[in-house]
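Below is one structure, written out as C-alpha cells; the observations come after it.
The values are calculated or read from the model by the stated rules, or taken from the named source; none is laboratory data. On a predicted model such as this, the values are computed, not experimentally measured, just so you know. Positions of Cβ are generated from backbone atoms using ideal geometry, with glycine treated the same way; all protein chains shown enter the neighbour counts.
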Amino acid sequence: MDFKLIHDLGLHQIKDGYANGIDGFFFSTLWYLRKKNAYDFVKDVALKGGLKKAFNIPSNVIYIHGSDRPLETESKDKFRMFIRPPLIALREAVCFNPDVIQVMDLPIDDSDSEQRICEKLAINRDMVVEYHNWLVKLGFRSSSRYKTGVPRFSKFMLLGVCHGDYPDAHAEEAKFMKDYCEILGIPIAGLLARHSRLTVSQRYDYVVQVLTKVLDAIGNGRIIQLMGFGLSRISELSKIIAVAKKYDAVFWFESSTMVRNSTHARKILSVNIKNPDLVEYVNISKVKGAEKFTPLDVFRENNRVMKGILSQTVLFVNG
Amino acid sequence: MGEREIEPREILRRTRVEVAPYMRELARHSRAILPRLEIAKRWIEYYEALGKVRPLTRAEQRKLEEHRKTQRILESRLEVLRAAGRYARTKSPKDLADLRLAQSRYYESRAETVAPPKRREFIEKFVPPREFYDELAAIREEIEEKCKRYKAIKYRTTPEAMIMSPDERERALKEIGKDLSLKYARAYELGQKGMSISELIEHYREMKELGARGF
C-alpha cells in the first residue's frame, strides 16, 4: 500500500520552486496553450531536455503531463471539440519528457444516451491503443510484455482514464486499459459533482463502490490515480484509505484544492481547538505563528500536514 | 615530515594495477556490468588525480568525458536490471513505477551518447510545426471575439446592441453563428484526425454499419 500526493501546478508555480520536495505534480496543457508563444515554449523546453531539466526539478519527483480537454461552449454538444488531434498532443508530450503521459479522453455527460456513452468509451479505447502503438513504432516502448501485461520497456508511463456511468462500466474500462497503461485514472471529480442530489457522504460511498469494483476486476497490479480528487473533504478520506488497505493498492491523489487554498486563499490546514476532530483550511491570519507565511510556505506546510494525515489515517482505519 | 608528492607516472601504474583484475574478469564474462563500472571509476579517478598535478591535454579530457558517459550508462543499466528483477519478484505497482523511472534514466543516458547536432535535429523533428500553433492561436482569438460579440448582442450588454431592432438582432446572431461554425470546422481540419466529438461518433457509427472489427 502506498499513497502519493500529486499537485496541479502551473508555470509560475513551477518557476517559484513548488515542484521541489513533493511527490509529484500534474502539468496540464492549459497552462501554455493559451499563450501566444506556445510554440517557442515547447521548442525551448524540448531542446533543454524536458520540463524537469529546464526548471531544475529533482528526478525523483513524478511529472505527469496532462492532456488537452475538449473545449466547452454554450451549445454543449454541437460545438464541443478537440483543439487538436491526439497524436500531435502526444508528440508534444514526448518533447516535454515527462514520466507519465495522460491519454486524451472524452468525458461522459449526463445528457448522453446509452448508445452515445458506448461510442464515447469506444473512442477512448481507440485513443489508448493509438497512443501505445505510436510509442512502440517510435521505439519508446517495447512490444514484448511481462506476464502481468505491461510492456517490458517503456520510456514513459501511460495514464488511461476509465470513464463510465456505473461502477461496472468503470471496471470494464479498467480491464481493457490494464494492458496498455501503467496507471489507471478514475475521474472522481465528475462522480462527486454529478450526483448533486446525494449528500457528500453518499457521494463518497459511490466513489468507494467504483474503486472496489475496479480493484476487484484488475487486482492491485496497477497504480490508481484519483483524478480531480480535491481532498476537500478530509473527514471522508478514511473511506478511500480503507479500500486501499483492504486491497493493498497504490493510490495517487490529485490535490488541486490544496494548491488553490495555499496560493490564492492562503489557507492552512489546521485543527479547530473547540472541535479537535475537525481539520480544515483556515486563513493564515487566524493561525498563530503562520501570519508571515508566503504562499510557498503555506503550500509546503499543507503538503506536509496532508501526508501526515494520510499516514495517521492508515494506522487507525480497518481495511 | 610532509607527504611525498606522487608522480603522474606512478598514478598511471597504480591505476593499471588496480584495473587488471577487472580486465581479467571481463575477459571471462564480456557483458558483465560491475567490472566495467569499476574500470570506468578507476580511470575517472586517475584523470581527476592527474588534473590536480598538471592541466589535462585535449585527448585526456575527451577520454575522461567518455569514461564518465560510460559510467553513467552502466549505472543506469544496473539500476534497470535491479528494478526489473525486483518487479518480477514482487509485481507490485510501486516497483513498476520505479522500473519505469529507471528505464527512462537509462534511455536518457543512452541519448547523451548521440552527437549534439544530431540530437538537436532529432528533437526538432518531434516538435509539432510552428504553423500549427500559429493558426490555432489565431482561430482561438477569432472565436473568442465572435463569442463575445454574440453574447453582447444576445444579452444586450453594449449600447450598440441595445438599439438593435429584433430583426437586425436575429440576423446578426445568425451571421456570427455561421462564422463560428466555419472557424470550428477549420480548426478540425488542422490535423488529420482533429474531429469534433459528434463527428467522431458519426465516424464510429459508419464504421459499425460497415461491419468494422472491434465494435
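When only residues in region B:76-114 that are away from chain A (no Cβ under 13 Å) and of a type outside the set (A, V, I, L, M) count, which is farthest from A:ALA46 (Cα to Cα)?
B:ARG82
Sort through A:GLU236, A:GLU254 and tell me the only one that's in contact (Cβ under 8 Å) with a residue 40 or more places away in the chain, crowded, with 17+ Cβ neighbours inside 10 Å and not small (Gly, Ala, Ser).
A:GLU254
Output yes when any residue across region B:34-48 is assigned to a loop (DSSP other than H, G, I, E, B) and over 33 Å from the mean Cα position of the chain (by Cα), and no when none is. Spell out how you get there, then give the answer.
Applying the first criterion (assigned to a loop (DSSP other than H, G, I, E, B)) to region B:34-48 yields none.
Within region B:34-48, not a single residue is assigned to a loop (DSSP other than H, G, I, E, B) and over 33 Å from the mean Cα position of the chain (by Cα).
Among residues belonging to region B:115-151 that are buried (at least 16 other Cβ atoms within 10 Å of the Cβ) and over 27 Å from A:ALA89 (Cα atoms), point out the one that is nearest to the other protein chains (Cβ to nearest Cβ).
Only one residue fits best here, namely B:TYR150.
Could you run through region A:165-176 and say how many residues are at pLDDT 90 or above and either in contact with an Asp or Glu (Cβ under 9 Å, 6 or more places away or on another chain) or under 19 Å from A:ARG69 (Cβ atoms) (or both)?
Summing the residues that are at pLDDT 90 or above and either in contact with an Asp or Glu (Cβ under 9 Å, 6 or more places away or on another chain) or under 19 Å from A:ARG69 (Cβ atoms) (or both) in region A:165-176 gives 2.
Residues that are over 17 Å from the mean Cα position of the chain (by Cα): find the helices (runs of 4 or more DSSP H) completely inside region A:1-61 holding 3 or more of those.
Fully inside region A:1-61 and qualifying: A:11-15, A:38-47, A:51-54.
Output the number of the condition that A:PRO98 fails; it satisfies all remaining conditions of (1) part of a loop (DSSP other than H, G, I, E, B); (2) crowded, with 18+ Cβ neighbours inside 10 Å; (3) over 23 Å from the mean Cα position of the chain (by Cα).
Condition not satisfied by A:PRO98: (3).
What number of residues in region A:15-73 are within 13 Å of chain B (Cβ to nearest Cβ) and of a type in the set (Gly, Ala, Ser)?
Total satisfying the criteria: 7.
Assess whether A:LEU158 counts as being aliphatic (A, V, I, L, M), without any contact (Cβ under 8 Å) to a residue 60 or more places away in the chain and in contact with a strand residue (DSSP E or B) (Cβ under 8 Å, 6 or more places away or on another chain).
yes
Can you pull out the residues in region A:114-155 that are at the interface with chain B (Cβ under 9 Å from one of its Cβ atoms) and in contact with a strand residue (DSSP E or B) (Cβ under 6 Å, 6 or more places away or on another chain)?
Within region A:114-155, A:SER154 is the sole residue that qualifies.
Determine, yes or no, whether B:VAL53 is touching a helix residue (DSSP H, G or I) at 6+ places or on another chain (Cβ under 7 Å) and surrounded by fewer than 16 Cβ atoms within 10 Å (Cβ to Cβ).
So B:VAL53 fits the description; yes.
Answer yes if at least one residue in region B:23-30 is outside any helix (DSSP H, G or I), modelled with pLDDT under 90 and within 29 Å of B:LEU81 (Cα to Cα), and no otherwise. First the steps, then the outcome.
Taking region B:23-30 as the starting set, the residues that turn out to be outside any helix (DSSP H, G or I) are B:29-30.
Now drop any that are not modelled with pLDDT under 90, which leaves B:29-30.
From what is left, the residues that are within 29 Å of B:LEU81 (Cα to Cα) are B:29-30.
Within region B:23-30 (the criterion being outside any helix (DSSP H, G or I), modelled with pLDDT under 90 and within 29 Å of B:LEU81 (Cα to Cα)), the answer is yes, since at least one residue qualifies.
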